[in-house]
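All remarks here apply to the structure that follows.
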Amino acid sequence: MTDQVTAATAPVAEEVGRMYDRMTLLAADFLGAEAAHGYNAHLGYWDTPESEFTFEEATDRLTDVMAERLRISAGDRLLDVGCGVGAPAVRLARRTGAAVTGISVSQEQVARANELARSTSLLEHVSFQRADAMRLPFADASFDSVFALESMPHMPDRAQVLREMRRVLRPGGRIVLTDFYRRPAPAPDVHPLRRTMGSTTAQLDEYPLLLRAAGLRFTEMLDITDETVHRSFAFLAEQAERMRLKLENPEATCYFNPQAVIDAPLLGYLLVVARRPERG
Ligand code: SAH
């Protein structure tokens, strides 16, 4: 069972959107307008413990590890579900020649992502709009691939989002996503991430079932916890200290220094690849 937010809470998508509006403004305060332009809002990926990638390089590397599995080429239509401020979508468009549409529930993010697209020569190939993944405002079979980098944890209902992804995918099209899962722990299973960031964790073994129920075929699942979580959290803790970030509430702490509020050993990270069957 997915650790779902109950129906008694206010609409999750709107809350998450407001949270990302606040975090986007705070990032601009902390990092300065320039640094806050087009940053990656996701974990870094280090192929080996010896990798000397900076955090920034490692966050781009995670985009690339996912992109390799999308198998897209010039002219393909790609949907980025949960686009943040646009850095992954712009990178994908630049490196593949695909036409990328990004969606986010945060208006602040969408505005910045569109600014980023305007500042590149990619304006015709990349666009962003405010939309909820639970009800995608796109026609059936209108994309060749779907990409969701660290947005699944915020979805009120993973099954519904996967059904929507399948609907907008052409037959044979692929989905590549990442998600957090809860690792078994001897300690009481309380997950601060859930309270402070409008997120839930998946179960390690639920994706094959979720995908099948949504009419998708399971292609690949990788546990990328070791390549991502610990080093990313350590970097963010060190950055918060170095920049003396004023993290005045649990929400901001969770975003800018997650190690301080999340029990990191309980958090696992998954990369999942699926496809819509050619028929059916
Ligand atoms: N993929 C981006 C941002 C990751 S942060 C990056 O890697 O930089 C999570 C993103 O998911 C945010 O942009 C947030 O607005 C988006 N999101 C959360 N819930 C959503 C929903 N219901 N529909 C669409 N986007 C959503």
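Residues that are out of contact with any Ser or Thr (no Cβ under 8 Å at 6 or more places or on another chain) and surrounded by 24 or more Cβ atoms within 10 Å (Cβ to Cβ) within segment 63-86 comprise just one, Gly86. Within segment 63-78, being of a type in the set (S, T, N, Q) and either part of a strand (DSSP E or B) or modelled with pLDDT of 95 or more (or both) holds for one residue alone: Thr63.
Kindly evaluate Val100 against the criterion of being touching a strand residue (DSSP E or B) at 6+ places or on another chain (Cβ under 8 Å) and part of a helix (DSSP H, G or I).
No: the conditions fail for Val100.
Collect the residues in segment 103-137 that are of a type in the set (Asp, Glu), in a loop (DSSP other than H, G, I, E, B) and touching a helix residue (DSSP H, G or I) at 6+ places or on another chain (Cβ under 8 Å), keeping them in residue-number order.
Passing the criteria: only Asp132.
The single condition from (1) modelled with pLDDT of 95 or more; (2) surrounded by fewer than 18 Cβ atoms within 10 Å (Cβ to Cβ); (3) hydrophobic (A, V, I, L, M, F, W, C); (4) over 18 Å from the mean Cα position of the chain (by Cα) that Leu123 fails is (1). Being near the ligand (Cβ under 9 Å from one of its atoms) and either part of a loop (DSSP other than H, G, I, E, B) or aliphatic (A, V, I, L, M) (or both) is the filter here, so list the residues in segment 79-97 that pass it. Passing the criteria: Val81, Gly82, Cys83, Gly84, Val85, Gly86, Ala87, Ala89. Test Arg135 against the criterion of being touching a Leu at 6+ places or on another chain (Cβ under 7 Å) and more than 30 Å from Ala33 (Cβ to Cβ), and give yes or no. So Arg135 fails the test. Just one of Ser151, Ser142 is within 11 Å of the ligand (Cβ to nearest atom), at pLDDT 95 or above and either buried (at least 21 other Cβ atoms within 10 Å of the Cβ) or among the small types (Gly, Ala, Ser) (or both); which is it? Of the residues listed, the single one that is within 11 Å of the ligand (Cβ to nearest atom), at pLDDT 95 or above and either buried (at least 21 other Cβ atoms within 10 Å of the Cβ) or among the small types (Gly, Ala, Ser) (or both) is Ser151. Would you confirm whether or not segment 39-52 contains a residue that is modelled with pLDDT of 80 or more and farther than 24 Å from Leu271 by Cβ? Looking through segment 39-52, none of the residues is modelled with pLDDT of 80 or more and farther than 24 Å from Leu271 by Cβ.
Looking at Arg130, Arg112, Arg94, just one residue is closer than 19 Å to Ala36 by Cα and either among the basic types (Lys, Arg) or over 14 Å from the mean Cα position of the chain (by Cα) (or both), and that residue is Arg112. Among the residues of segment 201-220, not one is of a type in the set (Lys, Arg), part of a helix (DSSP H, G or I) and surrounded by 14 or more Cβ atoms within 10 Å (Cβ to Cβ). Of the residues that sit in segment 22-57 and are part of a loop (DSSP other than H, G, I, E, B) and surrounded by fewer than 14 Cβ atoms within 10 Å (Cβ to Cβ), which one is nearest to the ligand (Cβ to nearest atom)? Ranking the qualifying residues of segment 22-57, first place goes to Thr54. Within segment 124-136, if we keep just the residues that are closer than 13 Å to Gly102 by Cβ and not small (Gly, Ala, Ser), the residue that is farthest from the ligand (Cβ to nearest atom) turns out to be His125.
The values are calculated or read from the model by the stated rules, or taken from the named source; none is laboratory data. Nothing here was measured: the structure is a model prediction, and the numbers come from that model. Heads up, the Cβs are rebuilt from the backbone with ideal geometry, glycines too, and the neighbour counts pull from every protein chain shown.
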